[in-house]
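First up is the structure itself, then whatever we jot down about it.
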Amino acid sequence: MAPERPDRTTLSDAEIVRHIRMGETDSFGELVRRTQRQGYRLARRIMRNHEDADDVLQDAYVKAFGALDRFRPELPFGPWFYTIVARTALSRLRAGRLRKTESLDDAGAEGGASPHGQTPDPQEDREALDLRLDVERAYARLSEEHRVILALRAEADLSYQAMAEALEIPTGTVMSRLARAREALLGMMSDVEKARRP
């Protein structure tokens with residue numbers, strides 16, 4: 001019988017990383033549990049399909065595990081990891097290794113619920129579903145540059161400095177690009193709403 005795994009859910013990110021560095025590699029699973037949902041949403045926003053997002057997330061975890069010696073324990077693991085997710089996704093985009101983009105009219109992959117239960121039940125809240133789909137359609141029409149910067153802010157909740165590091169651009173450029181991306185998204189939302197009106 002295998003020994004029971006210790007409970008790591010109450011430990012800080014830094015304590016978990018310390019355990020991993022001491023050889024308790026199973027503790028990495030707790031970091032995965034803490035970051036998987038947000039990491040997936042970030043990857044999905046950038047990649048625009050489930051399979052590529054999953055591939056990006058898996059690659060990012062492998063890279064993060066291999067780079068734990070560079071993790072600064074005084075900082076939270078999440079933003080550091082989401083930067084790795086963003087860089088991995090951007091590398092894939094630039095290399096052109098993409099699958100077909102999924103239709104945003106579907107609730108989720110293969111017509112089922114969206115990943116991680118993010119889409120409201122249409123029977124319970126039709127207006128919320130319509131709004132979400134409008135946002136997704138508008139988002140899909142944004143340029144890659146605008147889509148990525150909004151994903152880093154909205155999905156990963158990264159600071160301007162962290163976004164600058166992930167994108168390898170100055171912080172001032174992040175701020176101006178984010179402002180333009182928000183304006184573009186609002187414009188797209190307006191267009192989508194007009195197209196949906198009878």
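The values are calculated or read from the model by the stated rules, or taken from the named source; none is laboratory data. Keep in mind it's a predicted model, so treat the numbers as computed, not measured. Heads up, the Cβs are rebuilt from the backbone with ideal geometry, glycines too, and the neighbour counts pull from every protein chain shown.
Looking only at the stretch 9-31, decide whether some residue is on the phi > 0 side of the Ramachandran plot and without any contact (Cβ under 8 Å) to a residue 60 or more places away in the chain.
Yes.
Specify the residue that is nearest to D13 (Cα to Cα); the eligible residues are those in the stretch 76-98 that are assigned to a helix (DSSP H, G or I) and more than 14 Å from the chain's Cα centre (by Cα). First the steps, then the outcome.
Initially, the stretch 76-98 is screened for residues assigned to a helix (DSSP H, G or I), giving 77-95.
Then drop every residue that is not more than 14 Å from the chain's Cα centre (by Cα), which leaves 77, 91-95.
Details: F77: 6, S91: 27, R92: 28, L93: 30, R94: 31, A95: 32 Å.
In this case the residue turns out to be F77.
Counting only residues that are part of a helix (DSSP H, G or I) and touching an Asp or Glu at 6+ places or on another chain (Cβ under 6 Å), which one in the stretch 1-54 is nearest to R72 (Cα to Cα)?
For the stretch 1-54, the residue satisfying everything is I16.
Among the residues of the stretch 40-70 satisfying the criterion of being in contact (Cβ under 8 Å) with a residue 24 or more places away in the chain and among the basic types (K, R), which is surrounded by the most Cβ atoms within 10 Å (Cβ to Cβ)?
Ranking the candidates gives R44 first.
Farther than 18 Å from R153 by Cα, surrounded by fewer than 18 Cβ atoms within 10 Å (Cβ to Cβ), of a type in the set (D, E) and not assigned by TED's automatic domain parsing to the domain that holds L158, is that true of E30? Talk me through it step by step, then tell me what you get.
Values: farther than 18 Å from R153 by Cα: yes; surrounded by fewer than 18 Cβ atoms within 10 Å (Cβ to Cβ): no; of a type in the set (D, E): yes; not assigned by TED's automatic domain parsing to the domain that holds L158: yes.
In short, no.
Take E183 and tell me if it is on the phi > 0 side of the Ramachandran plot and surrounded by fewer than 18 Cβ atoms within 10 Å (Cβ to Cβ). I'd like the intermediate steps shown before the answer.
Working: on the phi > 0 side of the Ramachandran plot: no; surrounded by fewer than 18 Cβ atoms within 10 Å (Cβ to Cβ): yes.
So E183 does not fit the description; no.
With (1) modelled with pLDDT under 90; (2) under 19 Å from the mean Cα position of the chain (by Cα); (3) surrounded by 12 or more Cβ atoms within 10 Å (Cβ to Cβ) as the list, and P73 as the residue in question, which single condition is left unmet?
(2) is the only condition that P73 fails.
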